[in-house]
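First the structure, in the form of structure tokens, and then the observations on it.
The values are calculated or read from the model by the stated rules, or taken from the named source; none is laboratory data. These numbers were taken from a predicted model, which means no experiment stands behind them. Cβ placement follows ideal geometry from the backbone for every residue including glycine, while neighbour counts extend to all protein chains displayed.
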Amino acid sequence: MRNLARQVSMAASIAALLALSSVAGATIHTVHVGNFYFTPTKTTVNQADTVRWVLDGGSHSTTSDPSSPKAWTSGIIPSGGHFDVVFGVADGLGPFPYHCSVHPTTMKDTIFVNPPVVYKCGDANGDKSVNVGDAVYVINYVFKGGPAPTPVVGAGDANCDHAVNVGDAVYIINYVFKGGPAPCCP
Ligand SMILES: [Cu+2]
């Protein structure tokens, strides 16, 4: 019985972890396709996200333009069906213009990809180095409503406890002045 309880609790933990990883992972962005539209237009995604074209009705495709750095073509999407394209890191940042192969002059749109957020752990103020200014920045953020580190957990979470608080300022000061351990990425 105890064994069963342990197994159930482990299964629950794994399920929780899986749920968390899907939240943190890639997003699916739906674009509706019909007579004669792509909606919404100009969808902007993060790297590794999926764009899902869903056919509302009519005879349409999603087909990359020759100038798109990534090539795809759905053919005519069946009514109610969909076609997925993943915009991975290897595909670059685009932009990725595309059209409907049946209506190439009237149905045109573009997918945009956000550049990845580049940051250095502990560099709370984003000046590319970790120094006392970062400790001041964190304290200003935590206690005085100052601007947040970008991204908050990452640039600001110097001590890797997945939160930004006074402990991170202390950690940075310890690193800069006392030879303490370097900031680490969460
Ligand atoms: Cu079309």
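Checked against (1) closer than 16 Å to G133 by Cβ; (2) of a type in the set (G, A, S); (3) modelled with pLDDT under 90, A169 passes all but a single condition, namely (3). Could you tell me whether the range 122-132 includes any residue that is touching a Ser or Thr at 6+ places or on another chain (Cβ under 7 Å) and not in a helix (DSSP H, G or I)? Yes, that holds for at least one residue.
Residue check: is S101 within 30 Å of F38 (Cβ to Cβ), within 16 Å of the ligand (Cβ to nearest atom) and in contact (Cβ under 8 Å) with a residue 40 or more places away in the chain? So that I can check it myself, show each step before the final result.
On the way: within 30 Å of F38 (Cβ to Cβ): yes; within 16 Å of the ligand (Cβ to nearest atom): yes; in contact (Cβ under 8 Å) with a residue 40 or more places away in the chain: yes.
Here the answer is yes, as S101 does meet what is asked.
Of the residues making up the range 104-121, those that are more than 10 Å from the ligand (Cβ to nearest atom), surrounded by 17 or more Cβ atoms within 10 Å (Cβ to Cβ) and in a loop (DSSP other than H, G, I, E, B) number 2. Restricting the range 162-183 to residues that are in contact with a helix residue (DSSP H, G or I) (Cβ under 7 Å, 6 or more places away or on another chain) and β-branched (V, I, T) leaves a set whose member that is farthest from I139 (Cα to Cα) is V176.
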